[in-house]
Amino acid sequence: MNIPKFQAHFTPTFEVAWRLAKEFWGKGYATEGAKKGIAYGFQEVGLREIVSFTAKVNLRSIAVMERLGINHAKGDDFEHPFLPANYPLHRHVLYRLNSLE
Ligand SMILES: CC(C)(COP(=O)(O)OP(=O)(O)OC[C@H]1O[C@@H](n2cnc3c(N)ncnc32)[C@H](O)[C@@H]1OP(=O)(O)O)[C@@H](O)C(=O)NCCC(=O)NCCS
């Protein structure tokens, strides 16, 4: 779990995130780990909302969000303030999960 250090329309918030060495891709580990993190955040910490975001081009990460059943509203997508506008990773998708869902 991470607290994003930039300001956006959805901050302050808590982010669930993942990164695996390539040799461990394709085994379900990111999704399994994220499920545990989300359950901990809601049940043990008492968070009301957890978000996840990634560059629009990061299809593997978006696939993890979709597998987790996190909700995506196109109107929530945003330009990452720490990345230059002409950088391919600038445009981000935002996914949100509410504790009551
Ligand atoms: C993002 C990232 C963690 C995703 O890894 P991933 O391996 O695609 O995702 P998972 O660990 O959830 O694995 C899912 C895959 O494992 C497969 N799988 C194999 N055995 C499985 C099992 N027992 N249970 C579940 N899934 C299994 C799934 O079918 C799926 O395959 P697919 O991608 O061909 O559809 C990885 O690409 C990464 O570290 N990228 C670099 C860092 C990064 O971009 N991080 C995000 C920054 S915001």
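Throughout, read-outs are computed from the coordinates displayed, never taken from laboratory work. All values reported here derive from a predicted model rather than from experimental measurement. Because the Cβ atoms are built from the backbone with ideal geometry, glycine has one as well, and the counts that use them run over all protein chains shown.
Just give me the residues in region 24-38 being of a type outside the set (Gly, Ala, Ser) and more than 11 Å from the ligand (Cβ to nearest atom), in sequence order. Working first, answer last.
So in region 24-38, the residues of a type outside the set (Gly, Ala, Ser) come out as 24-25, 27, 29, 31-32, 35-36, 38.
If the condition is that a residue be of a type outside the set (Gly, Ala, Ser) and more than 11 Å from the ligand (Cβ to nearest atom), then Lys36, Ile38 are the ones that fit.
When every residue of region 56-65 is checked against the conditions, none turns out to be small (Gly, Ala, Ser) and either more than 10 Å from the ligand (Cβ to nearest atom) or not in a helix (DSSP H, G or I) (or both). Here region 39-55 is the region considered, the condition is being within 14 Å of Met1 (Cα to Cα) and within 13 Å of the ligand (Cβ to nearest atom), and the residue that is surrounded by the fewest Cβ atoms within 10 Å (Cβ to Cβ) is Val51. Of all the residues in region 11-23, those that are surrounded by 10 or more Cβ atoms within 10 Å (Cβ to Cβ) and either in a helix (DSSP H, G or I) or within 14 Å of the ligand (Cβ to nearest atom) (or both) number 5. Phe53 passes every criterion in (1) in a loop (DSSP other than H, G, I, E, B); (2) among the aromatic types (Phe, Trp, Tyr); (3) in contact with a Pro (Cβ under 9 Å, 6 or more places away or on another chain) apart from (1).
Every residue in region 66-89 that is in a loop (DSSP other than H, G, I, E, B) and surrounded by 17 or more Cβ atoms within 10 Å (Cβ to Cβ), please. So that I can check it myself, show each step before the final result.
Taking region 66-89 as the starting set, the residues that turn out to be in a loop (DSSP other than H, G, I, E, B) are 69-70, 73, 77, 80-89.
The answer is Ile70, His80.
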